[in-house]
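Working notes, structure below.
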Amino acid sequence: MIASTAPAGKGPSGKGSHRQNQVDPLAPLRAPEDPPWDVYLTGTVFLDIVFTGLDSAPVRGTESWARGMGSSPGGVANMATALARLGLRTSLAAAFGDDHYGEYCWDALEHGEGIDLSASRTVPGWHSPVTVSMAYEGERTMVSHGHEPPPEEPAPACPPRARAAVASLAPGVSAPWIAQAASKGTRVFGDVGWDDTGMWDLARLPDLRHCEAFLPNAQEAMRYTRTDCPRAAAHALTEHVPLAVVTLGAEGAYAVDRRTGETAEVPAIDVEALDPTGAGDVFVAGFVAGTLADWPLADRLAFAGLTAALSVQEFGGSLSAPGWSEIAAWWRRVQSVEGQDPQALRRYGFLAGLVPEELVRPWPLRRAVPTIGFRRSA
């Protein structure tokens, strides 16, 4: 396991821009006839308000004061932001409320992160969903509020051409856009959440057959395959999808590619976790980036694990998604750690050819404005 010297965050208080992305991982592969977008996704955008610096969990009947706070788009915006910060041209289809929260989220994603929202829309009279997250002791407690979503499907009837799409699969639900995207050659990466029905039946994930890759966590993978080992579960999943990637928490991740017969396992990076919110989204984004860049399977796993490890050292969902500046800073610092395992360090040697020295900036970067309504400075 590699040791990291990256400092832990102290609460979000700044802001960032897509202009900080100075690395294009797909540059060697780009051609004039390429699709306009690298990744397409759709879903619900929340406004996330994150309180940090709490000494303990809130206690009934008392008032707790937080030493820091930040606000940012959440929900599907966590994934979209993670993809965009890794230099992927990202298109998002989502419904936004016409309140100030919706305006803020739209502006943060379109202008702050450079995400294409041409497939999104503003819904008159719809209140933006809101989540308040309180982070303490490496965990978080969340409270959400939202009205019934607008009846119109936010995904367009014909999704735009893209190299890849990230689809959130739900038991018993089929989203027509997934099949349409796959029929156009879009590589679909399937994410999944906890099955509240308790059935854990892969047949109830009808869109899995359109996916190139499926990325559950260990518990989800084992329940879906009725196995007692996450690695065995990954192999079982390849009967349903070409590429299975199972995250193992503190143990790292394991992947099996049915098409090549290749397997890969990469241990996790040893970090002090402050807030795990959005780490799964960041892992998927890192793996998508490496896959589209045609990296070896083990490099993709290592990169995904690295981006997730960097994210849990910061607070919030999209607030914590790392960009290439953070990756460059980590790579420079970790090489100077005394007693570092040379073999573990070589596992990330592929970064040397990706990250230019001049990209390194002070880290961590602050990306969230603490108060909605302040105008951005020039």
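The values are calculated or read from the model by the stated rules, or taken from the named source; none is laboratory data. Note that the structure is a prediction, hence the values are computed from the model and not measured. No Cβ is skipped: glycine too gets one built from the backbone with ideal geometry, and neighbour counts run over all protein chains shown. All accessible areas refer to the heavy atoms of the entire protein, side chains included, with ligands and DNA or RNA removed. Shrake-Rupley method; radii C 1.70, N 1.55, O 1.52, S 1.80 Å.
Taking interchain pairs and intrachain pairs at least six residues apart, which have beta carbon atoms under 8 angstrom, with the first residue in segment 321-333 and among the acidic types (D, E) and the second open to solvent by less than 10 Å² (accessible area, probe 1.4 Å)?
Matching pairs, first to second residue: E326/L310.
Restricting attention to segment 89-96, does a residue exist that is crowded, with 18+ Cβ neighbours inside 10 Å, assigned to a helix (DSSP H, G or I) and aliphatic (A, V, I, L, M)?
no
If you take the residues of segment 162-181 that are closer than 16 Å to L292 by Cβ and in contact with an Asp or Glu (Cβ under 9 Å, 6 or more places away or on another chain), which of them is surrounded by the fewest Cβ atoms within 10 Å (Cβ to Cβ)?
R163
What is the residue count in segment 291-308 for residues that are part of a helix (DSSP H, G or I) and surrounded by fewer than 24 Cβ atoms within 10 Å (Cβ to Cβ)?
Number satisfying all stated conditions: 5.
Limited to segment 187-203, what total is found for residues that are farther than 15 Å from E239 by Cα and either assigned to a helix (DSSP H, G or I) or open to solvent by 10 Å² or more (accessible area, probe 1.4 Å) (or both)?
Of the residues in that region, 10 qualify.
Name the single residue that is nearest to D38 (Cα to Cα) among those in segment 283-320 being more than 15 Å from the chain's Cα centre (by Cα) and touching a residue at least 60 places away in the same chain (Cβ under 8 Å).
Going through the qualifying residues, I end up with L292.
Could you pull out the residue among S13, S64, S72 that is in contact with a helix residue (DSSP H, G or I) (Cβ under 9 Å, 6 or more places away or on another chain) and modelled with pLDDT under 95?
Step by step, each of S13, S64, S72 is checked, and only S72 is in contact with a helix residue (DSSP H, G or I) (Cβ under 9 Å, 6 or more places away or on another chain) and modelled with pLDDT under 95.
For segment 36-66, what are the residues that are charged (D, E, K, R) and either closer than 30 Å to R161 by Cα or touching a Ser or Thr at 6+ places or on another chain (Cβ under 7 Å) (or both)?
Passing the criteria: D38, D48.
Being open to solvent by 40 Å² or more (accessible area, probe 1.4 Å) and farther than 15 Å from P216 by Cα is the filter here, so list the residues in segment 272-285 that pass it.
E272, A273, P276
Restricting to segment 111-125, what's the tally of residues that are touching an Asp or Glu at 6+ places or on another chain (Cβ under 7 Å) and either surrounded by 15 or more Cβ atoms within 10 Å (Cβ to Cβ) or not in a loop (DSSP other than H, G, I, E, B) (or both)?
Counting residues in segment 111-125 that are touching an Asp or Glu at 6+ places or on another chain (Cβ under 7 Å) and either surrounded by 15 or more Cβ atoms within 10 Å (Cβ to Cβ) or not in a loop (DSSP other than H, G, I, E, B) (or both) gives 3.
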